[in-house]
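> Pasting a structure here, questions to come.
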Ligand SMILES: C[S@@+](CC[C@H](N)C(=O)[O-])C[C@H]1O[C@@H](n2cnc3c(N)ncnc32)[C@H](O)[C@@H]1O
């Protein structure tokens, strides 16, 4: 766990310092010289570091590892020394004693040779043997002389002894030669005895010496062992201590690294979560400090960038919401305008129609007037001729009057003649009387006719002149009517033109409305887009929450002045709603069969109940603006689903049929009896409203 | 909706054939006449429906809207709602309301009648009906014995629902007499809403229903005192106009009144009525 962290900061320098062979401990650290790029290096380049101060971690590591190396070197040097010393001690003592023993055994052998040769000489007396003995003695002497003994007391003692012995043997050798020449047997014998005892003594001494030397050797070995043991323990403690120390030293960079990485991770996590509100700064100047300060700078740059981005999106949002409401207003305005314009166009069409019909009427009137004028004119001429006829009649009447007078005279004469004729003339007298009466009547009538015809002539004359006047009046009227007819003919053209322009205008308005709607829709899209952008942005917190809301609070608007009705004097409240008249429950007056208005359904007597059902229905799907009961008018038996699927658009065809058929077409939108809509939640909406001030 | 979709929708053109289908439908079902020049209007009005349904083709849309499924889904309704013109205002053509207040009502109270029944036929979003309601309520305050019933109907379910909701934008009441406004309207608590609502008491005075004028009416003959059928028949074909006028006249009491829009003339359609004031007709006695 430690090592990877250490590894990160494990630099080339360290490698050079720590020779991998010099210490086993370091061999556990993996060496990755080839692809190792110190991460701080780049940062250092970016920030153009030029100061050792800025390399503190590296430095720290150098110191720490340097210390470790020095300590380790010291300990191993010391260990080495101890080892050497133990070795040396052992070797010196042992080799010396071994040399002594060696010498001793050699001396013993040569002394034994001397002894043997001497004994041989004693028996044989041959020169050859004495020479042999002398050579052995010489060897012994040489050995002793050549041996270099150190200052060991034992060894010194032995050397002295050996030297003495060597000296003795030299003397003996000299004496032997002399004695042999002199052939002094006694002397030789004595010498031989001396030699023998000497040899025995030497043996004993060398034996003693050997023994004590061996003892001493053991003792020395023991001593050395004890020393080595003591040093070994010490060394072990030191080494353990060193390991602990190294471990402790290693945790320093670990702690530094882990604390700093923790800090950095925390910062990065916050930034990652979009929280840019934390201010942080490092006063250490190591790489971590640099990273932290770099992050701080990054954050502040990000913050200012996000800040401006946020305010920009806020601006865009404001603008686009304004734009959207504007577009909405335009759209709803355009829609209203479109409806108005459509209404105007329809109204204009009505007016144009009325105008057209009145213009037609004017033309008709003109025609009639013309006809009437002609009629009057003929009437006038008829009156004229009637007048002459009447005058004619009057004239003829005077003739009648005259004739009747003469007839009367004649009849009188006849009656006189009849009286003369007495009985015969009696019947004639009757006839004459009758003729007289007739003549008198005729005369009376003629007189009457005359006076009447006189009146008639007067009247006719009068009416003839009236007619004459009338004709000229009528002529004027007719002329006026003609003018009107012509004018309205012209008007109708103008009005048609106006009507056409209005229709055209209406078209434009309708198109406008739909493009305004399009605009509104797309501005809504824009707004939504900006909103989602904003919500994305809101992940980043760049300032404290309460400072944001401050700016939004200012937008509150008051109810438009118009409705504050300050100009309106409050009247007494009781005025408002009169209690509904209990005797006339209004709910029931409509549609309900018991109401004062009972529906007249003479044509479809069988159906009225459906109507009551409709009333009782509470039609819920109001928001979807659906007609409450589509199934009601839908005749399943007539138009099964399957058929509609097949025919598709053909459903529209029943149009061609008469009214009767119409009622059965499934797509008929009609509700023959009217449907009351009951919106259960209607009053709930009142909660959103309040009384006006 | 993305840009290419928008382009696709808004570049759709209503063909003559499809327009004829609509013409036929409107004439047969509503009595409404659509002159050939209205193709542009129909086009731009139906585009909204194309957009809403996601059927970006007029033929397919009509196949759907005029099918059983289209009717079931309420699309037919919505199409009709789009194709009809719902323009209306509070106190629109105010002369008529003056006539009602100054002549019709005083005349009514002189007679021995006790329930004044009035019908706003083609009521659109209800402004006309509520205007009448305000006037009648005012009149009742001055004439305590007076009682009234107001009925209002339209062929479009959507506008009837709006009428029942009685929620209007502030703009619609801008020019209204402040006394009426204060007495009969509530304002939205949320200032941003800019809405007003007719008070419940007045709302309850008007009974709304969905009613096609070419169908039978749920009234007895000779039972209504007044019918307002203004600016509705202007969209009708001559023949349907005549039928409707006659049917409306049937329902009016002798001496009762029929109000039509100021641009309308209907004397030619019925011998039973007589014009007494511009666009106001009285049903002849007997
Ligand atoms: C322009 S608005 C008139 C509103 C109100 N009467 C006014 O004058 O202010 C016409 C209304 O008539 C409705 N309409 C169209 N055809 C109809 C029909 N066949 N039956 C009933 N209402 C119809 C429309 O839905 C529309 O709401």
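> Can you give the translational diffusion coefficient of the range A:335-450 in µm²/s, computed by Stokes-Einstein from the Kirkwood radius over Cα pairs at 37 °C and 0.692 mPa s?
159 µm²/s
> With each run of n ≥ 4 DSSP H residues scored as -39500 (n - 2.57), what mean residue ellipticity at 222 nm is computed for chain B after dividing by its residue count and rounding to the nearest 500 deg cm²/dmol?
Only helices count here, giving -12000 deg cm²/dmol.
> The range B:189-237 to the range A:283-298: how many Å between their Cα centroids?
76 Å
> Thinking of the range B:32-76 as a set of Cα atoms, what percent of all their pairs are more than 17 Å apart?
35 percent
> So how far, in whole Å, is the C-alpha centre of the range A:344-396 from the one of the range B:77-100?
One Cα centre to the other: 43 Å.
> Could I ask something else about it? May I ask you to order B:133-142, B:93-102, A:303-312 by the average number of other C-beta atoms within 10 Å around their residues, highest value first?
Going by the mean number of other Cβ atoms within 10 Å, highest first, we get B:133-142, B:93-102, A:303-312.
> Tally the DSSP beta bridges in chain B and give the antiparallel ones as a percent, rounded to 5.
Expressed as a percentage, antiparallel bridges in chain B total about 40.
> Could you give me D for the range A:351-524, from Stokes-Einstein at 25 °C and 0.890 mPa s, where the hydrodynamic radius is the Kirkwood radius over C-alpha pairs? Units µm² s⁻¹, please.
Values: Rh = 23.3 Å.
Roughly 105 µm²/s, to the nearest whole number.
> Just tell me how shielded B:48-56 is by partners: mean number of partner chain Cβ atoms within 10 Å of each residue's Cβ, no decimals.
1
> Bin width 10 Å, alpha-carbon pairs only: give the P(r) of chain B as whole percents, running from 0 to the bin holding the largest distance.
In whole percents, the pair-distance histogram is 6, 26, 31, 23, 11, 3, 0.
> Can you bin the range B:3-83 into rounded, prolate or oblate? Criterion: square roots of the alpha carbon gyration tensor eigenvalues sorted a ≥ b ≥ c, rounded for a/c under 1.5, prolate for a/b above b/c, oblate for the rest.
Here the range B:3-83 falls in the oblate category.
> Peptides A:524-533, B:28-37, B:256-265: what's the order by average Cβ count within 10 Å, highest mean first?
In decreasing order of mean packing, A:524-533, B:28-37, B:256-265 become B:256-265, B:28-37, A:524-533.
> Another one. With an 8 Å Cα cut-off and a minimum separation of 6 or more residues, compute the relative contact order for chain B in percent. List each step's numbers first, then the result.
Values: 412 pairs, mean separation 46.7, N = 286.
It rounds to 16 percent for chain B.
> While we're here: Whole number please: convex hull volume per residue, Cα atoms of the range A:329-403, in Å³.
Spelled out: Cα convex hull of the range A:329-403, divided by residues, is 71 Å³.
> In Å, what Kirkwood hydrodynamic radius results for the range A:267-418 from the alpha-carbon pair distances?
After inverting the mean inverse Cα-Cα distance, the result is 28.0 Å.
> Measure nothing but the geometry: give the 0 to 90° angle between the long axis through the Cα atoms of B:238-251 and the longest principal axis through the Cα atoms of chain B, rounded to 10°.
Taking the Cα atoms of chain B, the angle to B:238-251 is about 30 degrees.
> Take the alpha-carbon centre of the range A:66-90, take the same for the range B:23-49, and report the distance between them in whole Å.
Their Cα centres are 111 Å away from one another.
Only the coordinates and a few stated rules stand behind these numbers; no lab work does. As the structure is a prediction and not an experimental result, all values here were calculated from the model. Cβ sites come from the backbone with ideal geometry, for glycine too, and all protein chains shown count toward neighbours.
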